[in-house]
Amino acid sequence: MVTISRRNFSGQMLSSLLTLTLVDTLSQEKLLGKSIDRIANQWLAEVEEISRAMKNGQAKQTEWSLKIGEIFTRVELSDFLRSIDFDRASKKIRFPDDSEGVVSVNPARPRGLPKELEFSTYVYGLKKGRAIAPHCHRNMTSMHMLIGGELHAWHFDRLADEPKHLIIKPTLDRALAMGETSLTSDDKDNVHWFKATSDAAFTFNLAVFDVDRSSQYSGRQFYLDPSGGEKLSDGSLRVRHLTNEEAHRLYGKS
Ligand SMILES: [Fe+2]
């Protein structure tokens, strides 16, 4: 289970938002339409099923990505997520000035689902020019879905590991469409980076950490420097690792 501290979390979000469920929180704040329960009931069980299968070794990470992409491109879900009143949300969330803000959310779940789900859900928010700095995960799958504002996304495949560098290959460099999903796994688009290009931008994030329980890696991100990378002859980049502080200084705000 991911710890909240994986992002700039404590002290930067309204504490009242932290412990409530997505439904409760956003309904109370009148940020959501009324169709949420019916729709959440549809996707929660499906997401839990594929996430559990992946963690049990019965589904590959790429299969998880395909399934999540399919679930979250359904029109009614996109409509539902887009029904969030982000102008109001912007006023409720205190955004960091050099990085993303994160709200942990716990969707209300239908009967029959286990108490502890295999996946975690978050809403990310960024002010204009702020970025989720370029980073890589190991032993983790996730999806960001653009649900408010405008966001530029960069993806890279991780080709090779060196002690203090990675060799990565650019695979995406463009604005995301509203409702579009951005998926990452150990196998594909393993490095990602997002920057808000409108006054505020929001993503709905769904992540499975510690996919392989026997792995030494938890899935937590580490930062990289693609802009300062060494361009190799085949179009790939040799990029150094960054500390959290460097990443926020170099990429967090522009
Ligand atoms: Fe990430």
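FYI, it's all coordinate maths here, none of it is from the lab. Here the structure is a predicted model, which means the values were calculated and not measured.
Going down the table (Lys55/Lys115; Lys127/Lys188; Lys60/Lys164; Lys169/Lys195; Lys60/Lys195), which pairs top 24 Å between alpha carbons? Before the final figure, lay out each step's value.
Values: Lys55/Lys115 16 Å; Lys127/Lys188 28 Å; Lys60/Lys164 28 Å; Lys169/Lys195 19 Å; Lys60/Lys195 29 Å.
Cα-Cα > 24 Å for Lys127/Lys188; Lys60/Lys164; Lys60/Lys195; rest within.
Where does segment 122-200 land on the Kirkwood hydrodynamic radius, alpha-carbon pairs, in angstrom?
13.0
Find how much the distance from Glu49 to Thr197 grows on full extension, using 0.36 nm per residue of separation minus their present alpha carbon separation; answer in nm with one decimal. It would help to have the intermediate numbers written out before the result.
Details: separation 148, 0.36 × 148 = 53.28 nm, distance 3.49 nm.
In short, 49.8 nm is gained.
Please grab the % of Cα pairs in segment 106-254 that end up more than 24 Å from each other. Numbers along the way, then the final one.
Details: 3744 of 11026 pairs.
The calculated P(r) of segment 106-254 puts 34 percent of pairs beyond 24 Å.
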